[in-house]
Amino acid sequence: MVYSDGKEVIKKMLEINMEVDKGIPFLNLEGILNDKTFKKFGEEINYLLYNQGFHYFVLDFTNLGNVEERVYESIQSKLAEIFLNCGQVVLCGISHREKIGFSKEQLYYVNQKQDAFKYLYL
């Protein structure tokens, strides 16, 4: 069913499943990440960062079907916001590392999300 405000369509386009392991939130993203669905992603990060006080994140892009080109800049901005709050991020399953950037002490890339604990620990 599609509501007049389009929220149901966005929900189907991006699913965010979160689990917390050893005090670190793992956000598993499924679907499509574009300008419209990025808002949902950004709101989830903001809630965890500012309301729940998390500073370490694992973002799993493995099950994303598509990431639109113009969204990479928005991802970079959201990562910078996390870093400015003394945070660290592990990205899993993303093939375009050059579009996100590199930071030796705050941003890490892994192929499998369980490898995140090699870089993040409380």
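The values are calculated or read from the model by the stated rules, or taken from the named source; none is laboratory data. Note that the coordinates shown come from a computational prediction; the quantities given were computed from them, not determined experimentally. Cβ coordinates were reconstructed from backbone atoms using ideal geometry, including for glycine residues, and neighbour counts include every protein chain displayed.
One residue alone among Lys78, Lys113 is within 14 Å of the chain's Cα centre (by Cα), at pLDDT below 90 and either among the charged types (D, E, K, R) or exposed (fewer than 11 other Cβ atoms within 10 Å of the Cβ) (or both), and that residue is Lys113.
I'd like to check something: does segment 60-74 contain any residue that is aromatic (Phe, Trp, Tyr), surrounded by 13 or more Cβ atoms within 10 Å (Cβ to Cβ) and modelled with pLDDT of 95 or more? Spell out the reasoning first.
First pass over segment 60-74, keeping only residues aromatic (Phe, Trp, Tyr): 61, 72.
Now narrow it down to the ones that are surrounded by 13 or more Cβ atoms within 10 Å (Cβ to Cβ): 61, 72.
Filter again for modelled with pLDDT of 95 or more, leaving none.
No, every residue in segment 60-74 fails to be aromatic (Phe, Trp, Tyr), surrounded by 13 or more Cβ atoms within 10 Å (Cβ to Cβ) and modelled with pLDDT of 95 or more.
Checked against (1) assigned to a helix (DSSP H, G or I); (2) over 13 Å from the mean Cα position of the chain (by Cα), Ile45 passes all but condition (2).
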